Amino acid sequence: MKKILYILITFIFATFSVSSLANSEGEAMYSALGCASCHGANGRSSDDSIPSLAGKDVDWIVQQLEYFQSGERQNAYMNAMAPMAEGFERSIAEYLSIQDPQK
């Protein structure tokens, strides 16, 4: 019983550590790429013409970045910016998804 409990606790700790690392990386990339200059601090845009990304679904954010990277979705600024997020789409999306859209 103790062995199972130890394995379970280790698994939970590892899961939260990986999740926390991804969120930290996502936040760092969001900041480093200058995403906040348009989409706002923590993904909350103050400009009605630029979407807020705080609280959005992870897969939706990843898909939008991939659409901009491939040119399937067109926006001159995002088509130039999205390729810089390549390889970090999911960590950025995970960071944004846990942000409170109301603050």
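The values are calculated or read from the model by the stated rules, or taken from the named source; none is laboratory data. All values derive from a computational prediction rather than experimental measurement. For neighbour counting, all protein chains shown are included, and Cβ atoms are generated from backbone atoms with ideal geometry for every residue, glycine included.
Before moving on, here are some points about what is shown:
- Search result, residues across region 37-58 that are over 12 Å from ILE92 (Cα atoms), at pLDDT 95 or above and in a helix (DSSP H, G or I): SER37, CYS38, HIS39
- ALA54 falls short on exactly one of the conditions (1) without any contact (Cβ under 8 Å) to a residue 60 or more places away in the chain; (2) out of contact with any helix residue (DSSP H, G or I) (no Cβ under 6 Å at 6 or more places or on another chain); (3) surrounded by 12 or more Cβ atoms within 10 Å (Cβ to Cβ); (4) not polar (S, T, N, Q), and that condition is (2).
- Among the residues of region 59-97, those identified as surrounded by fewer than 15 Cβ atoms within 10 Å (Cβ to Cβ) and assigned to a loop (DSSP other than H, G, I, E, B) are GLY71, GLU72, GLN74, ASN75, GLU86, GLY87.
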